[in-house]
Amino acid sequence: MKNDVMKKCDLLGENVISYHKGFWWEHPLFKTIAALSYTESGKSVDVQLVKECRKKLKKRQSILSYFRGNNELIAATGMALSDNPDQYLEDIIAVYGKLQSGKFFGSSYRALSAMVIADAKRVADADAIIEKTNVLMKGMKSKHPFLTTDQDTCLAVIMAMADKSAEAILEELENTYASIKGKFLFHENAVYSLAQVLTAFEGDAVKKSENTLEIFNAFKAAGSKYGMEYELASLGLLTNISMNNEDIVSEAVEASEYLKKKKGFRFWDMTKQTRLMVASTLVYESYAGADAAVNAAVVGGTLAKVIAEEIMLMVIVASSAAASSSSSH
């Protein structure tokens with residue numbers, strides 16, 4: 001494992017411990033998400049600042065707000081990492097209002113999408129991005145009514161930031177999904193999310209799809225099969241690294257084993273598939289950097305962080321729903 005990856009693993013481990021100490025009652029994955037944000041920025045957690053931002057958030061937003069609950073620690077962390085926490089809060093509230101326009105029910109995913117736009121420093125372009133996002137969501141829904149849900153909003157926002165038309169995005173998305181879905185039978189929803197990640201990157205759609213499958217098979221050959229549920233979407237990050245696929249996989253597997261020794265990454269904290277996803281995110285951030293062939297609005301680790309945030313949020317929501325269902329019987 002290269003030194004840069006090890007340093008990121010160490011920093012993430014330290015940041016997770018800081019969040020565990022400062023916010024011990026939070027779900028472990030929420031703390032990992034927040035720690036990833038600080039790690040992506042190359043910073044150690046300022047727990048006191050995050051707590052102060054959380055107080056401001058609670059004062060401004062009621063308990064019913066979608067910036068509270070599942071998104072509360074993520075939003076407070078975004079505030080803490082921004083140049084102006086108060087303005088960041090104002091921005092995400094305003095952008096969420098625009099995303100919510102015309103919709104009856106609120107959404108944790110639209111709240112997270114508002115943070116995506118703010119983190120990409122595209123608040124000034126929010127109207128155009130949201131308009132394009134709505135076109136994409138409508139097109140996706142028309143093609144795949146059972147696959148397209150509110151969960152797709154974050155990745156739709158990222159695709160909307162790309163410097164190509166909504167029509168071109170939808171065409172590439174459909175072609176990419178069609179080319180890879182047969183390789184992951186019975187995992188259509190995860191494959192559709194993966195296709196969205198691949199579409200967010202620049203490059204030839206066929207080559208991106210082929211490279212993704214090669215990387216997936218390389219993980220299998222290395223004895224560390226990549227998760228085919230929520231984690232699968234993050235596999236698309238690794239296609240944007242200019243390295244031999246076997247070397248990429250080796251780095252990710254080694255990083256996962258290295259993280260396994262740290263507090264917050266053992267089997268009672270997360271599944272091995274989630275840990276491998278986190279490790280892959282760190283490898284992407286280490287090797288892709290700011291020159292990654294992804295749209296200029298979401299360069300470097302920002303895309304990795306967003307994907308990790310969304311995936312972990314889906315894992316937590318799904319596990320909460322399952323727990324609620326079992327307790328009701």
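For this structure, a couple of remarks:
- In the stretch 97-109, the residues that are under 14 Å from GLN151 (Cα atoms) reach residues that are part of a loop (DSSP other than H, G, I, E, B) and at pLDDT below 95 with C-beta atoms within less than 6 angstrom, at least six apart or across chains, in these pairs: GLY106/TYR66; SER108/TYR66.
- Scanning the stretch 64-96 for residues that are among the aliphatic types (A, V, I, L, M), without any contact (Cβ under 8 Å) to a residue 60 or more places away in the chain and not in a loop (DSSP other than H, G, I, E, B) returns LEU73, ALA75, ALA76, MET79, ALA80, LEU81, LEU89, ILE92, ILE93, ALA94, VAL95.
- Every residue from the stretch 90-107 that is over 13 Å from LYS121 (Cα atoms) and of a type in the set (A, V, I, L, M, F, W, C): ILE93, ALA94, LEU99, PHE104, PHE105
- Among (1) at pLDDT below 90; (2) crowded, with 20+ Cβ neighbours inside 10 Å; (3) farther than 15 Å from ASN211 by Cβ, the one test that TRP268 misses: (2)
- Pick from the stretch 16-52, criterion of a type in the set (Val, Ile, Thr) and assigned to a helix (DSSP H, G or I), ranking: farthest from MET115 (Cα to Cα): ILE17
- Scan of the stretch 42-79 for residues that are of a type in the set (S, T, N, Q) and either over 17 Å from LEU11 (Cβ atoms) or loosely packed, with under 15 Cβ neighbours inside 10 Å (or both), ordered by number: SER44, GLN48, GLN61, SER62, SER65, ASN70, ASN71
The values are calculated or read from the model by the stated rules, or taken from the named source; none is laboratory data. None of these values were measured; they are calculated from a predicted model. Virtual Cβ from ideal backbone geometry, glycine too; neighbours counted across all protein chains shown.
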